[in-house]
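S.K.: Can you keep this structure in mind? I'll have questions shortly.
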Amino acid sequence: MSRESVYITDFVSLKNNQIKHQQKLLYKADSFLELKSFLKESYKVIGLNYPKFHKMDDLCKLGLLASEVILKEKELKTDTAIVLSNASSSLQTDYKHQNSLQQHVSPAVFVYTLPNIILGEISIKYSLKSENVFFIEETFNAKLLNDYAQVLLQSGKASSVVCGWINLINDEYDVFLCLISRKGEIPLSVENLEQLYLFENE
Amino acid sequence: MKKTYLLEDAIISPLGFTTEENIEAIIQLRSALRFHENKRFPSQGYYAGIIDADHLNSVFSEMASPNNFTKLEQMMLLAVKQVLDKNLQLDLSKTALIISTTKGNINLLNEASNFPKERVLLHHLANIIKDFFGFGMKPMVISNACISGGLAVAVAKRFIGLGNFEHAIVVAGDLVSEFVVSGFQSFQAISNAPCKPFSMNRKGISLGEAAGAVLVSSKSDKDPGNIQILSEASANDANHISGPSRTGEGLFLSIQQALKEANVHAGQIDYLSAHGTATSFNDEMEAIAFGRANLLDSPVNSFKGYYGHTLGASALIETILTKHSLLNNELYMSLNFDELGVSQKINIIKQFEKRPLNLALKTASGFGGCNLAMLLKKEDHE
Amino acid sequence: MNDLHTELKLSIIEQLNLEEFSVEDIDNNDPLFGDGLGLDSIDALELIVLLEKDYGIKLTDPDQGKEIFSSINQMASFIEAHRTK
């Protein structure tokens, strides 16, 4: 697969009480919402109907919501890889587990103390038995995402890639997810990934 | 695509602070698993393989002050240093550094220590290793549950294969912390005796801690006797976030893909290094996947009886041990095995054996439904 | 319906985040796992924690859970017989 034929097919961001889909505002809270309320409202707005959602930790909820925006009603090949990254790993849930050590430890909390659980949740929701990896980076690293997506596509390990940044700490969230495939108009490049991420963050 | 090799390596574990010491311990059937008191357990404790901190401090003090580095950092730095010392020609400005761990310095959340809490961030940990040795490139960190260490090798191979860089140091490590002990206990997954992979009487995992490092490179350094990473693949079960797939789907798919990429068939595999955590469901899942992949004849072992489950480090240290199995033409006994306790007749290695080995398969599986398969091949004369 | 049954339903809904269910949706004889509430292995472990936390019952053998958690009725009678708080 040549580099020219790969595109950023779709993208979404969740940040500051807003969801933007392809740079268009999909949802904006009227006033400041706590994370829990933002997640609940977004679930309704996006029209996700998935009881398992309520059992997830907040990082996975963010990931599921973002995935639903860019993946619903798309015919995904089962070799659609998932490549996600963030700075805080699963630290928000780690603290929750840590704080429970003196009382009753909850297995349903502990299971979310790994960042890659979101890869599993997305794989289950969209039936993707594919290549997965979770990278930890200090900040959004367009080069890493671009280079690794290229590696997966060029080596034939994946036909398309869901990739992005999904960070959550102290209830502050920053999510940017995109679908990379052969369809689209925005060529996949470090610059384009960088620009889209920055735009979405304005 | 360029060939990729596993070159110099190091294992830091309770069984020894070099790969050689570790293999010597395995041949002598020594286990790192000891009883550790903990009130959380009805039996007042659990079995785990834990590195003696005083011993580690004293060995580490020859390299730097132990006061400035956490236990995990010391383990990782020692492992990387050994690899670099044997490769003084390596240009660190162009050598990638890939760190893999599940929980890193997670014990800092709890313990009263002199280390700032930021040290718990995994990119912080990566920068400590980068800065200590002066690597030039931005380090990568992979945190992918219990396949982390193996996936890091796979990622290195993929980047090297397409020419992004020529050399990478892959380092993996994890600790036994109250954080993970309490969590696995809440899953009722910790055995009340040293773990017994694939056995009838297995009762769950034993935890362990270790670090490993390996130089992954496009250049071979010996002729013959290089171990090449022939192929690797990973696949998600897409089934459950903590329960292994009943059909072994993701592991089976990973193995199939790795065999296909290398253009070899299951019958050619001389040795299979399994994950083998000794939980009831995991071992059964692996056996089913091996059966589906026609691997029931391949001699297979789990190293968990020696080390316990070292989480993000396990797949890397087991890849290193698999490499040495091939180089030494030695099959290592699957420790603590009693009677076959899985539905498929897998061919467990019941005693140490010398025999010619050329092709090995390493597999791993983890929470989140992730699975990995990697084929290693001993190269003859070029 | 007695109080323990309702109490159990409420805490199961709360503890297992069953947002789509209310107390009325759960019949005392409904299977909790499989087709009923669709609970899974992590939920089973959570129920073990719930027994200990709310009723002071420690399950030592996770296999015991299969029987006890088969329905609200089963759970309630087990709790009545073994509760320490």
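S.K.: May I ask you to list pairs of residues, at least six apart or on different chains, whose Cβ atoms are under 9 Å apart, with the first in segment B:348-363 being part of a strand (DSSP E or B) and the second being aromatic (Phe, Trp, Tyr)?
M.R.: That search, which allows pairs on different chains as well, returns B:348/B:198; B:348/B:337; B:353/B:332; B:359/B:271; B:360/B:271; B:361/B:271; B:363/B:290.
S.K.: Suppose we keep only residues that are of a type in the set (Gly, Ala, Ser), more than 30 Å from residue C:59 (Cβ to Cβ) and at the interface with another protein chain (Cβ under 10 Å from one of its Cβ atoms) within segment A:65-109. Which one would you say is nearest to the chain's Cα centre (by Cα)? Even if it seems obvious, please write down each step before you answer.
M.R.: We begin by selecting, within segment A:65-109, every residue of a type in the set (Gly, Ala, Ser); these are A:66-67, A:81, A:85, A:87-90, A:100, A:106, A:108.
Keeping just the survivors that are more than 30 Å from residue C:59 (Cβ to Cβ) gives A:66-67, A:81, A:85, A:87-89.
From the residues that got through so far, the ones that are at the interface with another protein chain (Cβ under 10 Å from one of its Cβ atoms) too are A:81, A:85, A:87-89.
Working: A:81: 12, A:85: 8, A:87: 13, A:88: 14, A:89: 13 Å.
So, considering only residues that are of a type in the set (Gly, Ala, Ser), more than 30 Å from residue C:59 (Cβ to Cβ) and at the interface with another protein chain (Cβ under 10 Å from one of its Cβ atoms), the one nearest to the chain's Cα centre (by Cα) is A:85.
S.K.: Ok, one more. Can we say residue A:82 is under 12 Å from residue A:162 (Cβ atoms), touching a residue at least 60 places away in the same chain (Cβ under 8 Å) and touching a Phe, Trp or Tyr at 6+ places or on another chain (Cβ under 8 Å)? Show your work before the answer.
M.R.: Working: under 12 Å from residue A:162 (Cβ atoms): yes; touching a residue at least 60 places away in the same chain (Cβ under 8 Å): yes; touching a Phe, Trp or Tyr at 6+ places or on another chain (Cβ under 8 Å): no.
No; evaluated as a whole, the condition is false for this residue.
S.K.: Is it true that residue C:10 is surrounded by fewer than 16 Cβ atoms within 10 Å (Cβ to Cβ), within 13 Å of the chain's Cα centre (by Cα) and away from every other protein chain (no Cβ under 14 Å)?
M.R.: On the way: surrounded by fewer than 16 Cβ atoms within 10 Å (Cβ to Cβ): yes; within 13 Å of the chain's Cα centre (by Cα): yes; away from every other protein chain (no Cβ under 14 Å): yes.
So residue C:10 fits the description; yes.
S.K.: Give segment B:144-156 a look and list any residue that's among the β-branched types (Val, Ile, Thr) and either touching a residue at least 60 places away in the same chain (Cβ under 8 Å) or more than 7 Å from chain A (Cβ to nearest Cβ) (or both), or say none.
M.R.: Selection gives B:147, B:153.
S.K.: Can you pull out the residues in segment B:28-67 that are exposed (fewer than 13 other Cβ atoms within 10 Å of the Cβ) and either in contact with a strand residue (DSSP E or B) (Cβ under 8 Å, 6 or more places away or on another chain) or away from chain C (no Cβ under 14 Å) (or both)?
M.R.: Across segment B:28-67, the qualifying residues are B:28, B:37, B:44, B:52, B:53, B:54, B:55, B:58, B:61, B:62, B:65, B:67.
S.K.: If you don't mind, there's one more thing I want to ask. Considering only segment B:162-184, state which residues are at pLDDT below 95 and assigned to a helix (DSSP H, G or I).
M.R.: none
S.K.: Then there's this: Which number in (1) in a loop (DSSP other than H, G, I, E, B); (2) within 30 Å of residue B:241 (Cβ to Cβ) marks the one condition that residue B:333 misses?
M.R.: The failed condition is (2).
S.K.: In segment B:114-143, which residues are in contact (Cβ under 8 Å) with a residue 40 or more places away in the chain and within 14 Å of chain A (Cβ to nearest Cβ)? Break it down into steps so the answer makes sense when it comes.
M.R.: Of all residues in segment B:114-143, those in contact (Cβ under 8 Å) with a residue 40 or more places away in the chain come to B:114-115, B:119, B:125, B:128-129, B:132-137, B:139-143.
Those that are in contact (Cβ under 8 Å) with a residue 40 or more places away in the chain and within 14 Å of chain A (Cβ to nearest Cβ): B:119, B:125, B:128, B:129, B:137, B:139, B:140, B:141, B:142, B:143.
S.K.: Do we have residue B:301 as out of contact with any Cys (no Cβ under 8 Å at 6 or more places or on another chain), within 14 Å of chain A (Cβ to nearest Cβ), within 27 Å of residue A:130 (Cα to Cα) and among the polar types (S, T, N, Q) here? Walk me through it before giving the result.
M.R.: Values: out of contact with any Cys (no Cβ under 8 Å at 6 or more places or on another chain): yes; within 14 Å of chain A (Cβ to nearest Cβ): no; within 27 Å of residue A:130 (Cα to Cα): yes; among the polar types (S, T, N, Q): yes.
In short, no.
S.K.: When segment C:32-73 is examined, which residues are found to be away from every other protein chain (no Cβ under 11 Å), surrounded by 15 or more Cβ atoms within 10 Å (Cβ to Cβ) and out of contact with any strand residue (DSSP E or B) (no Cβ under 8 Å at 6 or more places or on another chain)?
M.R.: Result: C:36, C:55, C:57, C:68, C:71, C:72.
S.K.: Counting only residues that are small (Gly, Ala, Ser) and either within 14 Å of another protein chain (Cβ to nearest Cβ) or free of Cβ contacts under 8 Å to residues at least 12 places away in the same chain (or both), which one in segment B:81-104 is surrounded by the fewest Cβ atoms within 10 Å (Cβ to Cβ)?
M.R.: Out of the qualifying residues, it is B:96.
S.K.: For segment B:215-271, what are the residues that are in contact with a helix residue (DSSP H, G or I) (Cβ under 7 Å, 6 or more places away or on another chain), more than 25 Å from residue A:134 (Cα to Cα) and in a helix (DSSP H, G or I)?
M.R.: Hit for segment B:215-271 is B:266, nothing else.
S.K.: Taking only pairs six or more apart or across chains, which ones have beta-carbon atoms under 9 Å, a first residue in segment B:333-344 that is free of Cβ contacts under 8 Å to residues at least 60 places away in the same chain and not assigned by TED's automatic domain parsing to the domain that holds residue B:28, and a second residue that is surrounded by fewer than 18 Cβ atoms within 10 Å (Cβ to Cβ) and in a loop (DSSP other than H, G, I, E, B)?
M.R.: B:344/B:296
S.K.: I've got another one for you. Going through segment B:176-187 one residue at a time, which ones are within 14 Å of another protein chain (Cβ to nearest Cβ) and touching a residue at least 12 places away in the same chain (Cβ under 8 Å)?
M.R.: Pass one, segment B:176-187, residues within 14 Å of another protein chain (Cβ to nearest Cβ): B:177-187.
Across segment B:176-187, the qualifying residues are B:177, B:178, B:179, B:180, B:181, B:182, B:184, B:185, B:187.
S.K.: Which ones in segment B:170-184 are over 11 Å from residue B:102 (Cα atoms) and among the aliphatic types (A, V, I, L, M)?
M.R.: The first filter runs over segment B:170-184 and keeps only residues over 11 Å from residue B:102 (Cα atoms), leaving B:170-171, B:176-179, B:181-184.
Correct list: B:170, B:171, B:176, B:181.
S.K.: Scanning for something closer than 17 Å to residue A:13 by Cβ and among the small types (Gly, Ala, Ser), does segment A:66-73 turn up at least one residue?
M.R.: Filtering segment A:66-73 for residues closer than 17 Å to residue A:13 by Cβ gives A:66-72.
Imposing the further condition that a residue be among the small types (Gly, Ala, Ser) reduces the set to A:66-67.
Scanning segment A:66-73 turns up at least one residue that is closer than 17 Å to residue A:13 by Cβ and among the small types (Gly, Ala, Ser).
S.K.: Then there's this: What are the residues in segment A:110-119 that are within 27 Å of residue B:138 (Cα to Cα) and either within 7 Å of another protein chain (Cβ to nearest Cβ) or surrounded by fewer than 20 Cβ atoms within 10 Å (Cβ to Cβ) (or both), if any?
M.R.: Hits for segment A:110-119 are A:113, A:114, A:115, A:116, A:117, A:119.
S.K.: Here's a check for you: in segment A:134-175, which residue that is surrounded by fewer than 23 Cβ atoms within 10 Å (Cβ to Cβ) and at positive phi is farthest from the other protein chains (Cβ to nearest Cβ)?
M.R.: Among those that are surrounded by fewer than 23 Cβ atoms within 10 Å (Cβ to Cβ) and at positive phi, it is A:171.
S.K.: Given the structure, is residue B:159 within 7 Å of another protein chain (Cβ to nearest Cβ), assigned to a helix (DSSP H, G or I), in contact (Cβ under 8 Å) with a residue 40 or more places away in the chain and surrounded by fewer than 23 Cβ atoms within 10 Å (Cβ to Cβ)? Before the answer, list the steps.
M.R.: Values: within 7 Å of another protein chain (Cβ to nearest Cβ): yes; assigned to a helix (DSSP H, G or I): yes; in contact (Cβ under 8 Å) with a residue 40 or more places away in the chain: yes; surrounded by fewer than 23 Cβ atoms within 10 Å (Cβ to Cβ): yes.
Criteria met by residue B:159.
S.K.: Does segment B:188-244 hold any residues that are within 14 Å of chain A (Cβ to nearest Cβ), on the phi > 0 side of the Ramachandran plot and modelled with pLDDT under 95, and which are they?
M.R.: Once the filter is applied, which keeps residues that are within 14 Å of chain A (Cβ to nearest Cβ), on the phi > 0 side of the Ramachandran plot and modelled with pLDDT under 95, segment B:188-244 yields only B:188.
S.K.: Just to be sure before I move on: is residue B:20 under 24 Å from residue B:315 (Cβ atoms), without any contact (Cβ under 8 Å) to a residue 40 or more places away in the chain, among the charged types (D, E, K, R) and out of contact with any strand residue (DSSP E or B) (no Cβ under 8 Å at 6 or more places or on another chain) in the structure I sent?
M.R.: Working: under 24 Å from residue B:315 (Cβ atoms): yes; without any contact (Cβ under 8 Å) to a residue 40 or more places away in the chain: yes; among the charged types (D, E, K, R): yes; out of contact with any strand residue (DSSP E or B) (no Cβ under 8 Å at 6 or more places or on another chain): yes.
When the stated conditions are applied, residue B:20 passes them.
The values are calculated or read from the model by the stated rules, or taken from the named source; none is laboratory data. As the structure is a computational prediction, the values presented were derived from the model and not from experiment. As a convention, Cβ positions derive from the backbone with ideal geometry for all residues, glycine included, and neighbour counts pool all protein chains shown.
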